[in-house]
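Participant: Structure below; questions to follow.
The values are calculated or read from the model by the stated rules, or taken from the named source; none is laboratory data. Not measured: the values here are computed from a predicted model. In this analysis, Cβ positions are derived from the backbone assuming ideal geometry, glycine residues included, and neighbour counts consider all displayed protein chains.
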Amino acid sequence: MRLEKCWFCSSTIYPGHGIQFVRNDAKIFRFCRSKCHKNFKMKRNPRKVKWTKAYRRLHGKDMTQDSTFEFERKRNRPERYDRNLAENTLKAIKKIDKVRVTREAKHIERRMKGKKGKELQEAKKELEQNISLVKAPAVLKEDLSLTLPIKVKVSQTQAESHLMEE
Amino acid sequence: MVQYNFKKITVVPNGIDFVDIILSRTQRQTPTVVHKGYAISRLRQFYMRKVKYTQQNFHEKLSTIIDEFPRLDDIHPFYDHYKLALGQINTARNLISKISKDYVKLLKYGDSLYRCKCLKVAALGRMCTVIKRIGRSLAYLEQIRQHMARLPSIDPNTRTILICGYPNVGKCSFINKITRADVDVQPYAFTTKSLFVGHTDYKYLRYQVIDTPGILDRPFEDRNIIEMCSITALAHLRAAVLFFLDISGSCGYSIAQQAALFHSIKSLFMNKPLIIVCNKTDLQPLESIPEEDMKLVMEMKAEAMKTVIGQGGEPTNDEEVLLMMSTLTENGVIAVKNAACERLLNQRVELKMKSKKLNDCLNRFHVAKPKPRDQKERPPCIPQAILEAKAKQAADKEKRKMEKDLEDENGGAGVYSASLKKNYILANDEWKEDIMPEILDGHNVCDFVDADILQRLEELEREEGLRQAEEAADDFEMDGKELTPEEQRALAEIRKKKSLLIQQHRIKKSTAESRPTVPRKFDKDREYTSKRMGRQLSALGIDPMLAINRARSRSVSRGRKRERSLDRGDTDGDVMDMDVDTPNKKLRVRSTSRSRSRSKSRPPTEVVPGEGFKDVTQKGKALKLAKKSVKKRNKDARRGEADRVIPTLKPKHLFSGKRSTGKTQRR
């Protein structure tokens, strides 16, 4: 008995569930439930349907490459039974699962976290480059801090008074 | 030779019926509707199909007739008509095929419905005439079929015993005694109208016994069809022949007549074992027949012996050749049968031995036997050990326990289930009955089985540890950094300024819509004023006075503006001294002079009591309003408010009501 993967949504198909469709070219399509089957009949591409694993992996929402995936591989040669090996395998499966789950969670967390660091960097660069828009370079030379200069209102009379003085 | 089942030959319809059957079938089984508006290829196809279908049906039916009727070799002119009839059927079949082929070829190039139809009519018509011509042959074959259906099925190859002789001699009673066939036994001649077949057994072999209808002693040509049947049967089959002789003469024919018959048809018995049977011995035993009859009988016997001699048999068995029996008392019946069967068997065996096939086989066999050089016995030598082993094996076989025995011991089929893992070869025998799980937590365990899985797992865990440490370090680093409030304010200002610039640019951007057809050259919007410059410079933190003064001193309109306030309180000389490097000296000179000569006039904003204003501000406002109203509307070839206006954004007739035709899916 084997647990298969649904062709459409990539979830596991437990025994007693789902439908298998064999095409004329002998390719087998397994579906976990009628939702996936109906989507398939509608000729929808799972890579474009948002809730499938195929979409999520393709668009980087879920982890794609990891060493934990390499533990699980379909082997076609039957091995002679060895109790120790079987025991170790069973224990290992649990541990590998744990690791994989934590890694996937981390991946999603990283994705959700946002670009705080990046934004910080950007802000700093912007400040450096564009400070001349709000503070003249001459003023900046005298006063290296980033405090903005106080706006002085210029009226005609003041200008004239200056003129008169001279 | 093919086995014919005469009873199962299909009925041969006569000519007219045949045509009717086929044509009606064509009409029913092919499409019937066609219009002249169809594509020409479709029309052609339609008619071609009809022609082909008719031809196929004719072909089928004629073929079945030809196949089912048996093919008999040309043994007698009697069968000429039969062969001719079958030949005619064959030619008819070929003719029909040819007709169909020709007309289909013509139909391929038919260019209208009418023409195709005519071609089809012609084809079918010709086929039907062919059949009508062979109508007579069909009728003849039907008769023969009816006749043959009454014939019993004869296998010409098996052991056959033929019974012949004058009518009413006792053949049928003989057959009734031997076999289970219930043959008519009637006292008058011509009872058996055709051949009757029965089966009997001898030495675990089956024999066919064929009874022929009564054969009258007449020349060949005068025999009727029924008798011809029997005669041809005789000649055709390889069988043992029993010629029945009525000793008593109660059949109505004398022994002389019977002898004459025998002699006339002896030519047919050339290679067949012949036995002469004297029947009805209860009425008159053989010994007591008159001399002449005895002589005739002896002649017949001699003839019969010839046949025996001809086969290379022993001439001493004259008992075998001439036998007595009585069907009424059943005296000697079995003896006759046995004799006949035996003779036949011997003949067949001899024939087989002589046949080529056997010779071929025999040639390949050669059993080589070494010639014995002395009388000493030399049996094969088997060592004692082997003999013992063999004996032991035999004993073991009885003793070894089968799985089935085990099952029976432990309660039978439903109770005990055999342990299939009993004979597994594993590293440790304790593991034999282990059940390994196939599925764990949604994974197939078999996919993970690997010899060095532990090692890899260790690596993985190490890797994971390292990664977690890294992550922690990263997180720690990230927490310290943030912008100070000063920096934040500066950043906000920068961003605001940038967005303003962008907005300005967008407003100013010269697109076809916004560009006036006659462009303006100078500062229409009054952007470039010294006040503005002063504001901007001060925003940057620089003292603007110097710049403003410089700008003003250089500006052209300085002299043009009314500087009343200036004139009132200042000396002109000072004003003039300032202008050392003015560009338009001339203008300057003139403007000042003009300003001097003019008398002091009232400023427009001065409130004159008769005008009706409250104060300066009100007057100023009123003046402004007046000026504004006179101002020409600035169109600048731009799209104005009146252009492309949608007066109602949601007109009722578009947003409500049903449509007379069509859907109201969108509005």
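Participant: Just the residues that are of a type in the set (A, V, I, L, M, F, W, C) and either facing chain B (nearest Cβ under 10 Å) or not in a helix (DSSP H, G or I) (or both), please, taken from the range A:103-133. Lay out the reasoning, then the answer.
Facilitator: Initial filter on the range A:103-133 (of a type in the set (A, V, I, L, M, F, W, C)): A:105, A:108, A:112, A:120, A:123, A:127, A:131, A:133.
A:LEU120, A:ALA123, A:LEU127, A:ILE131, A:LEU133, listed by residue number.
Participant: Then there's this: Return the residue satisfying two criteria in turn: it lies in the range B:434-466 and is charged (D, E, K, R) and in a loop (DSSP other than H, G, I, E, B), and of such residues it is nearest to A:VAL101 (Cα to Cα). Before you say what the answer is, go through the steps one by one.
Facilitator: Filtering the range B:434-466 down to residues charged (D, E, K, R) leaves B:434, B:438, B:441, B:447, B:450, B:452, B:456, B:458-459, B:461-464.
Filter once more, so that each one left must be in a loop (DSSP other than H, G, I, E, B): B:434, B:438, B:441, B:450, B:452.
Details: B:ASP434: 31, B:GLU438: 22, B:ASP441: 13, B:ASP450: 21, B:ASP452: 22 Å.
Only one residue fits best here, namely B:ASP441.
Participant: Among the residues of the range A:73-102 satisfying the criterion of being in contact with a Ser or Thr (Cβ under 8 Å, 6 or more places away or on another chain) and β-branched (Val, Ile, Thr), which is nearest to the other protein chains (Cβ to nearest Cβ)?
Facilitator: Just the residues of the range A:73-102 that are in contact with a Ser or Thr (Cβ under 8 Å, 6 or more places away or on another chain), to begin with: A:96, A:99-100.
From what's left, β-branched (Val, Ile, Thr): A:96, A:99.
On the way: A:ILE96: 7, A:VAL99: 5 Å.
Among them, the one singled out is A:VAL99.
Participant: Scan the range A:90-97 and give yes if some residue there is within 21 Å of the chain's Cα centre (by Cα), part of a helix (DSSP H, G or I) and more than 30 Å from B:LEU540 (Cα to Cα), otherwise no.
Facilitator: From the range A:90-97, those within 21 Å of the chain's Cα centre (by Cα) are A:97; that's our starting set.
Filter once more, keeping what is part of a helix (DSSP H, G or I): A:97.
Among the residues that remain, those that are also more than 30 Å from B:LEU540 (Cα to Cα) are: A:97.
Yes - at least one qualifying residue is present in the range A:90-97.
Participant: Can you name the residue in the range A:45-72 that is away from every other protein chain (no Cβ under 14 Å), in contact (Cβ under 8 Å) with a residue 24 or more places away in the chain and not aliphatic (A, V, I, L, M) and is also farthest from B:GLU464 (Cα to Cα) among such residues?
Facilitator: Restricting to residues being away from every other protein chain (no Cβ under 14 Å), in contact (Cβ under 8 Å) with a residue 24 or more places away in the chain and not aliphatic (A, V, I, L, M), the top hit is A:PRO46.
Participant: Then there's this: Checking the conditions here, which among B:GLY442, B:GLY465 is out of contact with any His (no Cβ under 8 Å at 6 or more places or on another chain) and facing another protein chain (nearest Cβ under 7 Å)? Walk me through it before giving the result.
Facilitator: Values: B:GLY465 fails: facing another protein chain (nearest Cβ under 7 Å).
Result: B:GLY442 is the single residue among B:GLY442, B:GLY465 that is out of contact with any His (no Cβ under 8 Å at 6 or more places or on another chain) and facing another protein chain (nearest Cβ under 7 Å).
Participant: Kindly indicate whether B:LYS498 is basic (Lys, Arg), at pLDDT below 90 and on the phi < 0 side of the Ramachandran plot.
Facilitator: Values: basic (Lys, Arg): yes; at pLDDT below 90: no; on the phi < 0 side of the Ramachandran plot: yes.
Answer is no for this residue.
Participant: So for the range B:222-235 (the condition being modelled with pLDDT under 80, in a loop (DSSP other than H, G, I, E, B) and closer than 18 Å to B:TYR166 by Cβ), does at least one residue qualify? Walk me through it before giving the result.
Facilitator: Of the range B:222-235, the ones modelled with pLDDT under 80 are B:222-235.
This time we only want the ones that are in a loop (DSSP other than H, G, I, E, B), so: B:223-224.
Okay, now just the ones that are also closer than 18 Å to B:TYR166 by Cβ, so B:223-224.
Yes: the range B:222-235 contains one or more residues that are modelled with pLDDT under 80, in a loop (DSSP other than H, G, I, E, B) and closer than 18 Å to B:TYR166 by Cβ.
Participant: Considering only the range B:417-433, state which residues are loosely packed, with under 14 Cβ neighbours inside 10 Å and either at the interface with chain A (Cβ under 7 Å from one of its Cβ atoms) or not charged (D, E, K, R) (or both).
Facilitator: Filtering the range B:417-433 down to residues loosely packed, with under 14 Cβ neighbours inside 10 Å leaves B:417-423, B:425, B:427-430, B:433.
Matches in the range B:417-433: B:SER417, B:ALA418, B:SER419, B:LEU420, B:ASN423, B:ILE425, B:ALA427, B:ASN428.
Participant: Is there a residue being surrounded by 15 or more Cβ atoms within 10 Å (Cβ to Cβ) and either modelled with pLDDT under 90 or in a strand (DSSP E or B) (or both) anywhere in the range B:467-483? Can you show your working first?
Facilitator: So in the range B:467-483, the residues surrounded by 15 or more Cβ atoms within 10 Å (Cβ to Cβ) come out as B:483.
Now drop any that are not either modelled with pLDDT under 90 or in a strand (DSSP E or B) (or both), which leaves B:483.
Checked against the condition, which is being surrounded by 15 or more Cβ atoms within 10 Å (Cβ to Cβ) and either modelled with pLDDT under 90 or in a strand (DSSP E or B) (or both), the range B:467-483 yields at least one hit.
Participant: So which residues in the range B:495-533 are among the small types (Gly, Ala, Ser) and either away from every other protein chain (no Cβ under 14 Å) or closer than 30 Å to A:LYS124 by Cα (or both), if there are any at all? Steps first, answer last, please.
Facilitator: Step one: list which residues in the range B:495-533 are among the small types (Gly, Ala, Ser), which gives B:499, B:510, B:512, B:514, B:530.
Selection gives B:SER499, B:SER510, B:ALA512, B:SER514.
Participant: Please go through the range B:122-156 and pick out each residue that is modelled with pLDDT of 85 or more and of a type in the set (D, E, K, R).
Facilitator: Those that are modelled with pLDDT of 85 or more and of a type in the set (D, E, K, R): B:ARG126, B:LYS132, B:ARG133, B:ARG136, B:GLU142.
Participant: In the list B:TYR416, B:TYR424, which residue meets the criterion of being outside any strand (DSSP E or B), among the hydroxyl-bearing types (Ser, Thr, Tyr) and under 30 Å from A:LEU90 (Cα atoms)? Even if it seems obvious, please write down each step before you answer.
Facilitator: Details: B:TYR416 fails: under 30 Å from A:LEU90 (Cα atoms).
Unique residue meeting the criteria: B:TYR424.
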